1. Residue by residue through segment 100-137, note down the ones that are surrounded by 14 or more Cβ atoms within 10 Å (Cβ to Cβ) and among the β-branched types (Val, Ile, Thr).
2. For residues in segment 247-265 being under 19 Å from ALA424 (Cβ atoms) and either surrounded by fewer than 21 Cβ atoms within 10 Å (Cβ to Cβ) or over 13 Å from the mean Cα position of the chain (by Cα) (or both), which is modelled with the lowest pLDDT?
3. For segment 125-157, which residues satisfy the criterion of being among the hydrophobic types (A, V, I, L, M, F, W, C) and under 25 Å from ALA270 (Cα atoms)?
4. So which of LEU185, LEU143, LEU179 is crowded, with 21+ Cβ neighbours inside 10 Å and among the hydrophobic types (A, V, I, L, M, F, W, C)?
5. Can you tell me which residue among PHE291, PHE283 is surrounded by fewer than 24 Cβ atoms within 10 Å (Cβ to Cβ), under 18 Å from the mean Cα position of the chain (by Cα) and either free of Cβ contacts under 8 Å to residues at least 60 places away in the same chain or under 25 Å from ALA270 (Cα atoms) (or both)?
6. Which of (1) without any contact (Cβ under 8 Å) to a residue 12 or more places away in the chain; (2) buried (at least 19 other Cβ atoms within 10 Å of the Cβ); (3) of a type outside the set (D, E, K, R) does PRO411 not meet, given it meets every other one?
7. Identify, please: which residue in segment 60-84 is among the basic types (Lys, Arg) and assigned to a helix (DSSP H, G or I) and is, among those, nearest to VAL347 (Cα to Cα)?
8. Which is under 20 Å from THR33 (Cβ atoms), in the same structural domain as ASP320 (by TED's automatic domain parsing), of a type outside the set (A, V, I, L, M, F, W, C) and out of contact with any His (no Cβ under 6 Å at 6 or more places or on another chain), of TYR231, TYR245?
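The values are calculated or read from the model by the stated rules, or taken from the named source; none is laboratory data. The shown structure was predicted, so the numbers you read here are calculated from the model rather than taken from an experiment. Ideal geometry is used to build each Cβ from the backbone, glycine not excepted, and the neighbour counts take in all protein chains shown.
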Amino acid sequence: MNRYKKLFSNTVILAFGTFGSKLLVFLLMPLYTYLLSPAEYGTAELISGTANLIMPLACVGITTGIFRFAAERGSDREKVFSSGLALTFAGLGVTLLIGIPIALLGRYRMETWLILLYILSADMQAVCAQYVRAIDRTRLFALQGILNTLFTISLNLIFLMVFKMGVSGYVLSVIVGNLLTILFLTVSAKLWEAFSVRKIDRATVSELLRFSLPMIPTTICWLITDLSDRYLVTWFRGEAENGIYSAAYKIPSIVNLATGIFMQAWQFSAVSEMEDEQACRRFYSEVFRGFLSIVFIGSGFLILFSHVLTRLLLNAAYHDAWKYMPTLLCAVALEAIVSFLATVYLVRKKTLHSFFTAITGTVLNIILNVLLIPSYGAFGAAVATLIGYGSVWLLRIWDAPRYIAFKRCIPRQACSILLLLGAAGVMTFDLPYKFLLCGLLVAAVCAINFRALWKGMQSLIHFRNPKNEIKLKK
């Protein structure tokens, strides 16, 4: 199977496995916003966000390392998994030693226990899932994602509707869902056969740490970028406004969902198919060209319909979320491009460069949050997030091609971003004839990007044709 067909096949499998499950969560937003007040919803999001912030530290950033080294051709996968799992156990042990006294003696005892349990379950689930993905068990990886979502939603309904557990029930459903998913993966993939104490290797541990440790601050940078605005909105404007802002993030997360599905398939292809340098550059260029088109066109349509989607999917108490959504959609479009460029650092094992570019956006984001939120509230947070991701995009679009010299499509990127910003401004400031003006700007985005999208589809059809693959080899 050639690299294009493999990428397409894995993307389709992951789309079926991921999109359906995430769509369920998305469609249940009216229920969640009905059962939880804006303040409760904001608290639940802060608990899960804080846990996500600590998770990379707790597992010493090893999940990406396990995937990167186990996916590489010729690697000793059992040695990678055993060494990576040993590091994970060590990191989680230290986390418990620090966290349990805080949970017993601190002011926010319930929240601390929930955060600790969330970290333990989510890190172990991530390690198991990333190893399954690395060994090319794509269907199983997709299935575990579906099951994890079904477990979580079922428990959410029970804990929130039957037992009326509020914030605790919302978070506990994620924790128990992760534990059930770990059990499923362990049995289905026979993970006990991949782990052996004798396979724990000092050299492998050292190599994993050299790769993974720089990923910890990088991951934390992105989480701070996502969370600092919510903490500061809560601090300056209260939990209710943070709850509305958190809900506003849910519709832009459609872009993250779609690009995240693709990125999981792309990362495997990028790591496992990079033997020929010339083919590598061509592969990156063609995939990047199509990826940009999908991101820009999809974001444009979501900006156009942001007001309508808010009315359809959120409870009346959350309808002000539409004011922040167009700006956040521009931000997540840039985030998607930044994530694609990060695969260059993943493939070339240049994780320090990933960190140095990410920290710039994080520092800028925090400074702007402090300056803008007191005066402009959640809208200031959305603008800070947009500028933060924009700064990282500028750095990586200059830096990443030094390691893989692919075509960057800079004029098309610049024009598309400016048009999306214009469309977001029209919708946010509620200008006269806003739907007509926004529609024209989105149509211009489509016109600029359609040719590249069509070429990408033709390339996929071309490379999926066995006759053409034979010609290419010749």
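1. Once the filter is applied, which keeps residues that are surrounded by 14 or more Cβ atoms within 10 Å (Cβ to Cβ) and among the β-branched types (Val, Ile, Thr), segment 100-137 yields ILE102, THR112, ILE115, ILE119, VAL127, VAL132, ILE135.
2. Checking each candidate, the answer is ILE254.
3. Result: ALA126, VAL127, CYS128, ALA129, VAL132, ALA134, ILE135, LEU140, PHE141, ALA142, LEU143, ILE146.
4. Testing whether each residue is crowded, with 21+ Cβ neighbours inside 10 Å and among the hydrophobic types (A, V, I, L, M, F, W, C) leaves just LEU185.
5. Just one listed residue meets the conditions, PHE291.
6. If we test PRO411 against (1) without any contact (Cβ under 8 Å) to a residue 12 or more places away in the chain; (2) buried (at least 19 other Cβ atoms within 10 Å of the Cβ); (3) of a type outside the set (D, E, K, R), just (2) comes out false.
7. ARG68
8. After applying the criteria, what remains is TYR245.
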